[in-house]
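Notes follow the structure.
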Amino acid sequence: MQLHQLRHLLALHEHRSLARGAQALGISQPALSKSLRRLEAYLGVKLFERTSRGVLPTEFGRALALHARSIAVEVREAERAIGAIRDGIEGRIAVGSAPSVIAHVLPIATGRLLRRHADLKVTVIGGLHDRLFEWLRNGEIDVVISNLVEDGEEADFRQETLYTDRVVVAARPGHPLARGGKHSRQELAKYRWVLPSQTIVTRQHLELLLKTHGLPPPVVAIETNALAFMRAMLMETDCLGYLPAIVLQPGRECSGLEPLGLSWLDWDRPVGLTVRRSGILSPACERLIQELRRVSRESFKASQLPVRHKPRRGLKVAASDMHGLI
């Protein structure tokens, strides 16, 4: 049974005439008769009978017409939905985002998109890298916006850098290390830290930098992956934190904390988007990505933007490294 045969059936059922039915369909009367005969042969029943009053549906014809109308409504709705998705009016936009992006770049880009396309629905899920990449791989989300991990063996993802994010040592206002003057690197060892768990790549990088400069690992006073609690504890103590500069800005999760200017511990890392290499994004999702690129160019200095947007070949990182606080 083919869709055009059901359309022919409905035309005959409505017009009760081969001539008028064929005219409404824009086909010849013999073509309509042939289509009806093939449908009846397929079903093994008589759908219409010729009478002095025209072509009348049999009980089989009436039953099939009832279902054909429902199918026609669903087909029209499917055609409308596909057209809306194709034109970017509708379509799935499911984004996974790390905290440093979810409260800054992503809202601006999403707001701009919704102002132009008010009927779009955007789903945003926040999380750490391991969960975000798991959801991306399983098709539960379409794109991940986060700090990027290194290239490697896993070729099912492609990545694009949007801007560079700087991670800095931060502390409360008036911290002893913020009083000005030059402090010896050994003086840093006097202070304890509020840091995320050892599975978080920012902490791993801090430990590597300290080791590179001949210093012992950070002495952790409080271990937490919650930015709000981390900020509160840093404001209440002389502990040090290792945070992206963007979350220190006014109105952000760790506003009020100040970078200590320890440039030898600064870490510039790329932030961008990751999608499935074989995935097909809706035009609406592609439009959101275009907005993310524009917002990144507007929000960050030229030195913080990538020279070019080049998809990465894949990801290689130990399971523990795939966590990211930001």
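The values are calculated or read from the model by the stated rules, or taken from the named source; none is laboratory data. Please read these numbers as outputs of a predicted model, since none were measured by experiment. A quick note on method: Cβ atoms are made from the backbone with ideal geometry, for glycine too, and the neighbour counts reach across all protein chains shown.
Which of the residues that make up the range 50-66 are surrounded by 14 or more Cβ atoms within 10 Å (Cβ to Cβ) and either touching a residue at least 60 places away in the same chain (Cβ under 8 Å) or within 52 Å of the chain's Cα centre (by Cα) (or both)?
Filtering the range 50-66 down to residues surrounded by 14 or more Cβ atoms within 10 Å (Cβ to Cβ) leaves 54-58, 60-61, 64-65.
Of everything in the range 50-66, those that are surrounded by 14 or more Cβ atoms within 10 Å (Cβ to Cβ) and either touching a residue at least 60 places away in the same chain (Cβ under 8 Å) or within 52 Å of the chain's Cα centre (by Cα) (or both) turn out to be Pro57, Phe60, Gly61, Leu64, Ala65.
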Worksheet item: In the range 251-270, what residues are more than 26 Å from His213 (Cα to Cα) and under 26 Å from the mean Cα position of the chain (by Cα)?
Response: Gly251, Arg252, Glu253, Cys254
Discussion item. Against the conditions (1) more than 14 Å from Thr274 (Cα to Cα); (2) surrounded by fewer than 21 Cβ atoms within 10 Å (Cβ to Cβ); (3) at pLDDT below 85, where does Asp130 fall short? Just the number, please.
Written reply: (1)
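Looking at Lys34, is it assigned to a helix (DSSP H, G or I), of a type in the set (Lys, Arg) and modelled with pLDDT of 90 or more?
Numbers: assigned to a helix (DSSP H, G or I): yes; of a type in the set (Lys, Arg): yes; modelled with pLDDT of 90 or more: yes.
Yes; evaluated as a whole, the condition is true for this residue.
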